[in-house]
Structure formats: C-alpha cells, structure tokens
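First comes the structure, then the notes that go with it.
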Amino acid sequence: MLSFEKTEYLDRLRKVKESMSQKGIDVLLVADPANMCYLTGYNSWSFYVHQMVVVMADEEEPIWFGRYQDALVGAKVTTWIKDENILSYSDDYVQSTIKHPMDRLADIMKKKGAGKKTFGVEMDAYYFSAKAYERLQYGLPDAKFQDGTNVVNWVRIIKSDNELAFMKRAARIVEKSMQVAIDSVDVGVRQCDAAAAIYQAQISGTKEFGGDYPAIVPLMPSGDQTGAPHLTWTDQKYKEDEAVIIEIAGCYQRYHSPMSRTV
C-alpha cells in the first residue's frame, strides 16, 4: 500500500537526519500525522489517540509507536519499516487517568539506551498535547528536550517529481469538484445537497484515478455570512442574488490542491 518506493522514504529520512545533526538532536519525536505519513507512509484515521514516529540518529529505520489495534495491521500494511520497529501500547492506556502512552514510549527509549539523549519534539503539532510532553519529561528525567517542530516540515517543503505528479492529480480532482460545486449552487437548492455533490466528486475523483478524503471540508458561506471565511453549510436553501464562497480541495494519496471561487 506504499504510495512511493522505499528509496524515496529513505531519502526523506536521510535529509531529516541531516537537519537533526545540524540542530543537535539525537532523537526526533514526530507527532504530526502528515509528517508521520511523509517519513513512513503511515496512513490511517488514528491520530485522535497518541502516536509517534521516532527517528533516532544512530538507527537505520524509524520506530512507529501507537495504539495496539493500529499497530497490528494498519501500521504494517501502510509503512515500509520492519515489524520489529512497529511498537504499541495496549487499550488500557487510552484515556486512562493513571497512566499515559508516553510512559510506555519513555520506557522504550530507556531500553534502547536513549535515556540521556537530546530529544526534539514537535511542540506546536496539533496532536502533541501538554500532558504528553509532561509525561515524557517525567519518564526521561535525564534527557534534554528542545523544539523540533519544523524539522520534517522544512524537508517536506521541497517536493519530489513523484509528489508533484500526485499534486497534479489532486488538481484534476479539484477542477472537477469545483465545476460540480458551481453547477450545484442554484436558487432553491439546499446548501447540504450542494455539499453532498461536492463530496461525491472529491472522493470519486476522475475516470483515471480515484480521490481521497481531503483534510478540509467544503467551506461554503453564503449571503450575509460570506464575511466569515470558515463557515461550512446548513440545510437552508440558496436565495436569489446572494453570493456563495466555495473553498475546497482535491486530494490524491493525501496530497492536496486547493481552489476557491465565488458564485
């Protein structure tokens, strides 16, 4: 299920390790789902629980760490790394008030001899919580922590030819989806029905390739609400002579191409 050849993932990993070396980071803890996918290929709707990709400067492969039920199959079929580097925590850690998944990760790091290393953590990643940071510091009292928020992101910003090809496919999908949106918005049509048509176009993609779920829902404020940029839709009907702002994206293999239009 890999989107790219293993060699491309290895090249990404090499560049990340070079950046880590420049910043004095021995171990990088990657919590951003996009960055996890970029380095390992991991692609699953599991980011609502704690998970990490661990990049150790002196290890050939990264470690995927997450919930057991996601490790059992999902991580093994979507990543290129060996099974022994897919590590997990059991379900009794989930939403527990007495222990935390980062307790388990800290124990793993100590067993791997990284207890006194310098860790880079994505301090501004949406799914890396204050509690997770607190438990890591508690579990690794001899380690040093520093901000590693953009280490992977600055590598990601330069796209490979394969990535650009995926973005072009996403662009074809958003062109089709936007035309569907424009055709769907009409007097007397419910906003939710127009949104449903957009979703169908985004996910069905083109005859040549299917679409993926985009990271953004259709943003469709209309009438007096067009001054608010991030409203979605209601079940109200479109009225005569009102503006509708449409902001959507096409998505292929998690790569996005966005587009905005006013109707």
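For region 46-68 and region 1-33, write down the distance between their C-alpha centroids in whole Å.
Each part's Cα centre sits 11 Å from the other's.
Multiply the residue gap between Ser260 and Ser160 by 0.36 nm, knock off their C-alpha separation, and tell me the result in nm, one decimal place.
Between Ser260 and Ser160, full extension yields 33.4 nm more.
Please list 3J(HN,Hα) in residue order for region 205-212, calculated via the Karplus relation 6.51 cos²θ - 1.76 cosθ + 1.60 where θ = phi - 60°; whole Hz, with x for glycine and proline.
Each residue of region 205-212 in turn: x, 10, 5, 7, 7, x, x, 10 Hz.
Within region 195-263, report the GluC sites (Glu not before Pro) that DSSP leaves as loop and that have at most 10 other Cβ atoms within 10 Å.
Here the GluC sites (Glu not before Pro) that fit, given the DSSP loop and packing criteria, are Glu208, Glu240.
Cα to Cα, under 19 Å, and not fewer than 8 places away if on the same chain: which lysines meet these conditions relative to Lys116?
Excluding near neighbours in sequence, the set is Lys17, Lys23, Lys144.
Rounded to the nearest 500, what is the 222 nm mean residue ellipticity of the chain from helices alone, with -39500 (n - 2.57) per DSSP H run of 4+ residues and division by all residues?
Theoretical 222 nm ellipticity from helices: -11500 deg cm²/dmol.
What full-extension length gain, to one decimal in nm, is calculated for Lys207 and Asp58 as 0.36 nm per residue of separation minus the Cα-Cα distance?
Full-extension gain reported as 49.1 nm.
Just to confirm the filter: which trypsin sites (Lys or Arg not before Pro) across region 132-232 are DSSP coil and have at most 15 other Cβ within 10 angstrom of their Cβ?
Taking region 132-232 and a limit of 15 other Cβ atoms within 10 Å, the loop trypsin sites (Lys or Arg not before Pro) found are Lys159, Lys207.
Of the accessible area of region 17-92, with the probe set at 1.4 angstrom, what percent is carbon plus sulfur?
47
With +1 assigned to the C-beta of every Lys and Arg and -1 to the C-beta of every Asp and Glu, and no other charges, what is the dipole magnitude of the chain about the Cα centre in debye, to the nearest 20?
That gives a dipole near 620 debye.
From the phi angles alone, apply the Karplus equation (6.51, -1.76, 1.60; θ = phi - 60°) to region 106-112 and give each ³J(HN,Hα) in whole Hz, x where the residue is Gly or Pro.
4, 4, 4, 5, 5, 5, 8
Which percent, to the nearest 5, of DSSP beta bridges fully inside the chain are antiparallel?
Taking every DSSP beta bridge within the chain, about 60 percent pair in antiparallel fashion.
Between Lys237 and Glu175, what's the calculated FRET efficiency when r is the beta-carbon distance and R0 is 30 Å? Round to 0.05.
Efficiency for this residue pair is about 0.65.
Return the carbon/sulfur percentage of the accessible area of region 183-243, one whole number, probe 1.4 Å, all protein chains in place.
50
Of the listed pairs Lys6/Lys76; Lys82/Lys112; Lys6/Lys168, which have alpha-carbon separations greater than 20 Å here?
Violating the 20 Å Cα-Cα cut-off are Lys6/Lys168.
From the phi of every residue in region 227-233, what ³J(HN,Hα) in whole Hz does the Karplus formula 6.51 cos²θ - 1.76 cosθ + 1.60 yield, where θ is phi - 60° and glycine or proline is x?
Per-residue couplings from phi come out as x, 9, x, 10, 7, 9, 8 Hz.
Using amide H atoms built 1.01 Å from N in the peptide plane, name the residues 5+ places from His256, or on other chains, whose amide H lies under 5 Å from its own.
For His256, no residues qualify.
Can you figure out the FRET efficiency of Ser96 with Asp142, using R₀ = 25 Å and their beta-carbon distance, to the nearest 0.05?
Computed FRET efficiency for Ser96 and Asp142: 0.50.
Can you give the accessible area per residue of the chain, in Å², using a 1.4 Å probe?
Value for the chain: 52 Å² per residue.
The values are calculated or read from the model by the stated rules, or taken from the named source; none is laboratory data. Model, not experiment: these values are computed from the prediction. Positions of Cβ are generated from backbone atoms using ideal geometry, with glycine treated the same way; all protein chains shown enter the neighbour counts. Accessible surface is based on the protein model in full, side chains and every heavy atom, while ligands, DNA and RNA are left aside. Shrake-Rupley method; radii C 1.70, N 1.55, O 1.52, S 1.80 Å.
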